[in-house]
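Structure first, commentary second.
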Amino acid sequence: MQTRLHEQFGFGITDPADSAFQDAEGNFLPGLIPYDLTQPGGKLFQFDQSTNVNQYALYAQDLIKFGDFQVQAGLRVDVYHGIISKTGAQPRIGFSYLIKPTGTVLRASYSRTFETPYNENLILSSATGVGGLAANAFGAESVPLQPGTRNQYNAGLEQAFGRWLVASADYFWKYTNNAYDFGVLFNTPIAFPIAWNKSKLDGVAVRIGTPTLHGFQWTTTMGHTRARFFPSETGGLVFNGDVGAGGSVFRIDHDQAFQQTTELRYQIGKTGPWVSWTWRYESGLVAGSVGSLDDALGLTGAQQAAIGFFCGSFHPAVGSPLTDAQCTTANYGATRIVIPAPGTENDDHNPARIAPRNVFDIAVGTDNLFKRERFRTTLKLAVTNYTNKDALYNFLSTFSGTHFVQPRAFQTAIGFVF
């Protein structure tokens, strides 16, 4: 497989007072002076580079059965030639065993995977010298992104309880060296890959449900995920000389303590009218950009309004953010984000999170509106978020930005089956 990369953009500064262009002491970064468009002679920094990423893979796998015991084994070898060249061997093996007397299935697996860098703006993240962003042009240095390795373990079981109930549970644990993430170029939408020393991700998924019993069906899925990254930054475009610097463990916005979805469905006959009710609960993803009152005061008025920020009876508006003149450590809060109490914020054990939420949907429909045999017409009427819950899904995410939970919506769908 060959991936051809061509990255091209122009960069200029329109607000030199923005803190994104200042060092830790608040001084304007000297390497940015030529690109300050508010000054005479300021011009765009032009980036235009190309390269190819070539990758070869060879793999073999087999399935072996010993009665009720099954083994799946495989080996994959990848040869990667990008900005860095490396080869990785990846063994995988999985087991499953059926205990017939109890209707129990036990399963476990191990896989070692070869993690290659993200291609999006890979050249930008690795560029050095003339035309690049390193050599202190922007107060940054570039460390080539090395392919990483991941060890992943999975274990689970499935249990049937007569013909009334089926339950399954799975646990996963992933340990990655050179864990990839994304950085952004100052406060622009230009993102590029970086690598952290390592990451540890683990979680549990549970599913409980019934088969269709006299037209009734119930399903509940539940999950818990921890997503922890460990500094220092080991690859990519690094600002302010942070290569090899220490730092605290932090959690990314995949991390959520608990989420669940429950659906109840009832249908008259096999093709008759049906009704369903869905309940979704999420305890809240990590929202690391607002860990304290100072972080909240650093937001724009629109961003403060998005998280439901308030200080006593004062509320922000677009273009009119709250300031420390209205806020104290005793009178602030937010309705859509849980901001840790003063002095308690911890990027690992107590990060800021999106506020918990419950969302409910309801729908009715039919799989055969006119009761025809060959040509069927289906109809569905649904109300999503029928309580009109006002909530955030995420906030200032690197890629997706800020998303609100969809407000109450009415939907109609008609289909033809032939």
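The values are calculated or read from the model by the stated rules, or taken from the named source; none is laboratory data. Keep in mind that what you see is a predicted model, and the values were worked out from it rather than measured. Here the Cβ positions follow ideal geometry from the backbone for every residue, glycine too, while neighbour counts run over all protein chains shown.
Of everything in the range 294-336 that is in contact with a Ser or Thr (Cβ under 6 Å, 6 or more places away or on another chain) and assigned to a helix (DSSP H, G or I), the residue that is farthest from residue 227 (Cα to Cα) is 301.
Scanning the range 132-164 for residues that are modelled with pLDDT under 70 and either within 25 Å of residue 175 (Cα to Cα) or in a strand (DSSP E or B) (or both) returns a single hit, 140. Condition (residue is assigned to a strand (DSSP E or B), at negative phi, acidic (Asp, Glu) and surrounded by 16 or more Cβ atoms within 10 Å (Cβ to Cβ)) applied to the range 360-381: is it met by at least one residue? Looking for residues that are assigned to a strand (DSSP E or B), at negative phi, acidic (Asp, Glu) and surrounded by 16 or more Cβ atoms within 10 Å (Cβ to Cβ), one finds at least one in the range 360-381, hence yes.
Restricting the range 1-23 to residues that are among the charged types (D, E, K, R) and in a strand (DSSP E or B), the residue that is modelled with the highest pLDDT is 4.
Per the conditions (1) among the charged types (D, E, K, R); (2) in contact with a Lys or Arg (Cβ under 9 Å, 6 or more places away or on another chain); (3) surrounded by fewer than 17 Cβ atoms within 10 Å (Cβ to Cβ), the sole criterion not satisfied by residue 294 is (2).
Every condition in (1) of a type outside the set (Lys, Arg); (2) surrounded by fewer than 18 Cβ atoms within 10 Å (Cβ to Cβ); (3) touching a residue at least 60 places away in the same chain (Cβ under 8 Å) holds for residue 312 except the one numbered (3).
Would you tally the residues in the range 24-50 being in a loop (DSSP other than H, G, I, E, B) and surrounded by 13 or more Cβ atoms within 10 Å (Cβ to Cβ)? Final tally of qualifying residues: 4. A single member of 68, 62 is modelled with pLDDT of 95 or more, surrounded by fewer than 14 Cβ atoms within 10 Å (Cβ to Cβ), over 25 Å from the mean Cα position of the chain (by Cα) and among the acidic types (Asp, Glu), and it is 62. All of 129, 94 fail the test of being at pLDDT 95 or above, surrounded by fewer than 18 Cβ atoms within 10 Å (Cβ to Cβ) and of a type outside the set (S, T, N, Q), apart from 94. Taken as a whole, the condition of being buried (at least 16 other Cβ atoms within 10 Å of the Cβ) and at pLDDT below 95 applies to residue 233. Residues of the range 336-353 include none that is surrounded by fewer than 17 Cβ atoms within 10 Å (Cβ to Cβ), in contact (Cβ under 8 Å) with a residue 24 or more places away in the chain and closer than 28 Å to residue 263 by Cβ. Considering every residue within the range 405-415, establish whether at least one is more than 18 Å from the chain's Cα centre (by Cα), buried (at least 18 other Cβ atoms within 10 Å of the Cβ) and not β-branched (Val, Ile, Thr). No, every residue in the range 405-415 fails to be more than 18 Å from the chain's Cα centre (by Cα), buried (at least 18 other Cβ atoms within 10 Å of the Cβ) and not β-branched (Val, Ile, Thr). The residue list 387, 329 contains one member that is touching a helix residue (DSSP H, G or I) at 6+ places or on another chain (Cβ under 7 Å) and hydroxyl-bearing (Ser, Thr, Tyr), which is 329.
Just give me the residues in the range 247-274 being more than 30 Å from residue 374 (Cβ to Cβ) and more than 24 Å from the chain's Cα centre (by Cα), in sequence order. Scanning the range 247-274 gives 263, 264. With respect to (1) buried (at least 17 other Cβ atoms within 10 Å of the Cβ); (2) farther than 16 Å from residue 181 by Cβ, the lone exception for residue 251 is condition (2). Within the range 300-324, the set of residues being farther than 18 Å from residue 396 by Cα and among the β-branched types (Val, Ile, Thr) comprises 323 only. A single entry from 177, 187 fulfils the requirement of being surrounded by 17 or more Cβ atoms within 10 Å (Cβ to Cβ), polar (S, T, N, Q) and either in a strand (DSSP E or B) or touching an Asp or Glu at 6+ places or on another chain (Cβ under 8 Å) (or both): 177. Here residue 102 passes the criteria (1) under 17 Å from residue 51 (Cα atoms); (2) part of a loop (DSSP other than H, G, I, E, B) except the one numbered (1).
Tell me whether the range 43-58 contains one or more residues that are among the β-branched types (Val, Ile, Thr) and under 19 Å from residue 193 (Cβ atoms). Scanning the range 43-58, I find at least one residue that is among the β-branched types (Val, Ile, Thr) and under 19 Å from residue 193 (Cβ atoms), so the answer is yes.
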